[in-house]
Amino acid sequence: MGRLRAVTAGESGGASGSVVRRILLGSQLRRLRESRGITREAAGYSIRASESKISRMELGRVSFKARDIEDLLTLYGVGDETERGALLGLAREANVTGWWHSFGDVLPGWFPTYIGLEGAASLIRVYEVQFVHGLLQTEAYAQAVVTRGMPEASPAEIDRRVALRLERQKVLVSERAPQFHAVLDEAALRRPYGDRSVMRGQLRHLIEISEHPGVTLQVMPFSFGGHAGESGAFTMLSFPESDLSDIVYLEQLTSALYLDKREEVAQYQRVMERLQKDSPDPAESRDLLRGLLQLS
């Protein structure tokens, strides 16, 4: 079994990379445990914790204590000081607090992990049908979306949620900006959020940002008819770290799913490729956006 390569802050984008580090470390701990034929229950007992705690650690969903990692590595027979040092260093880096923690009052429990992964990805591919994707929304449009989705929220809470969304958008213009490829169903562009000026501003923003070198924007028009995106919106995240597989993110009303099994990811990969192939190219999609702007 190959050793886990330590990931530097430059490679994984600082605090955003801490989520990636947790997942990488958890995955390595799981492989070590399974290779030794040790159950989660036995591993939990060795660190005075439950089987479910080991499961959460291996999924990268909790922070790591150095003592726990040391005890697990001893249990798994990892005696090489270089390997132990690399894994313990990874554990320290995995506990870095991300910028989004200051928005903890308005973050659903499943979303911090996604923000960290989004910030560490080298390629983000999305399909949206209900509304314009969050990374492409104007402030006024985001305000309308959040207000519509949370009619009982206070103005202060709505402002905080919009601020979080705008902060996320900085990933597209950061030093380590990922390649971003979005396919927007025409329904997302015709469904009004806010008044006429809000929608016109959003369409103008999409035309402008579609010219950005790191952004590829396509529109799936009504005229195409039925298409490959029949299962609804999804996001695919790819990472520069070879140890980390592509992840499909599916957001639901009260939770989210993160799919990383090869066969499941491959199905979404095929759907995304079909959507990209069947949609007009970026230049033609800009013409569609200009046409919608004239009609609005």
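The values are calculated or read from the model by the stated rules, or taken from the named source; none is laboratory data. Remember, predicted model here, so these are calculated numbers, not experimental data. A quick note on method: Cβ atoms are made from the backbone with ideal geometry, for glycine too, and the neighbour counts reach across all protein chains shown. With ligands, DNA and RNA removed, areas are computed over all heavy atoms of the protein, side chains included. Shrake-Rupley method; radii C 1.70, N 1.55, O 1.52, S 1.80 Å.
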**OP:** Determine the per residue accessible area of region 39-176 with all protein chains present and a 1.4 angstrom probe, expressed in square angstrom.
**Re:** 48
Original post:
Cβ under 10 Å from ALA94's Cβ, ALA94 left aside: what net charge do those residues give with Lys, Arg +1 and Asp, Glu -1?
Top reply: +2
Original post:
How large, in percent, is the carbon and sulfur part of the accessible surface of region 16-149 at a probe radius of 1.4 Å?
Top reply: 51
**OP:** Return one number: the angle in degrees, 0 to 90 and rounded to the nearest 10, between the long axis of the Cα atoms of helix 15-35 and the longest principal axis of the Cα atoms of the chain.
**Re:** 50
**OP:** Can you list which of the GluC sites (Glu not before Pro) found in region 110-163 are DSSP loop residues with at most 12 other C-beta atoms within 10 Å?
**Re:** GLU152
Original post:
Farthest toward the dipole's positive end in the chain, which of MET272, TRP110, LEU206, given Cβ charges of +1 (Lys, Arg) and -1 (Asp, Glu) about the Cα centre?
Top reply: TRP110
Subject >> Residue-averaged 222 nm ellipticity for the chain, from DSSP H runs of 4+ at -39500 (n - 2.57), nearest 500 >> reply: -15500 deg cm²/dmol
**OP:** Compute the signed sum of charges (Lys and Arg +1, Asp and Glu -1) over the other residues within less than 10 Å, Cβ to Cβ, of TYR268.
**Re:** -1
**OP:** Calculate, for ARG190 and HIS101, the FRET efficiency according to 1/(1 + (r/R0)^6) with r their C-beta to C-beta distance and R0 30 Å; round to the nearest 0.05.
**Re:** 0.25
Original post:
Could you give the distance between the Cα centres of region 215-236 and region 56-96, to the whole Å?
Top reply: 41
**OP:** Report, to the nearest 10°, how far helix 81-94 tilts away from the longest principal axis of the Cα atoms in the chain, using its own Cα long axis and a range of 0 to 90°.
**Re:** 40
Subject >> Cleavage-rule hits, GluC sites (Glu not before Pro), region 193-296, DSSP coil, Cβ neighbours within 10 Å at most 11 >> reply: GLU211, GLU230
Original post:
Name the residues of region 112-140 whose amide N is less than 16 Å from a point 7 angstrom out from the Cα of ARG274 along the C-beta direction?
Top reply: 127-128
Subject >> Rounded to 5, percent antiparallel among DSSP beta bridges of the chain >> reply: 50
Original post:
Can you list the trypsin sites (Lys or Arg not before Pro) in region 192-267 that are in a DSSP coil and have 15 or fewer other beta carbons within 10 angstrom?
Top reply: LYS261
Original post:
On the accessible surface of region 225-296, probed at 1.4 Å, how many percent belong to carbon and sulfur atoms?
Top reply: 48
Original post:
Does region 153-258 classify as rounded, prolate or oblate by the C-alpha gyration tensor (a ≥ b ≥ c root eigenvalues; a/c under 1.5 gives rounded; else a/b over b/c gives prolate, otherwise oblate)?
Top reply: rounded
**OP:** Give, in nm to one decimal, the length gained when the segment between GLU284 and SER50 is fully stretched (0.36 nm per residue of separation minus the Cα-Cα distance).
**Re:** 78.7 nm
Original post:
What is the local net charge at LYS65, summed over the other residues whose Cβ is closer than 11 Å to its Cβ (Lys, Arg +1; Asp, Glu -1)?
Top reply: +1
**OP:** Considering the options MET220, SER255, LEU136, tell which one lies farthest towards the positive end of the dipole of the chain, charges being +1 on Lys and Arg and -1 on Asp and Glu at the Cβ, about the Cα centre.
**Re:** SER255
Original post:
So what's the angle, to the nearest 10 degrees on a 0 to 90 scale, between helix 139-149 and the longest Cα principal axis of the chain?
Top reply: 80
Subject >> Estimated FRET transfer efficiency (SER35, SER231; beta-carbon r; R0 22 Å; 0.05) >> reply: 0.05
Subject >> Within straight-line cross-link reach of LYS261, aspartates and glutamates at Cα separation under 14 Å, skipping those fewer than 8 residues along the same chain >> reply: ASP243, ASP246
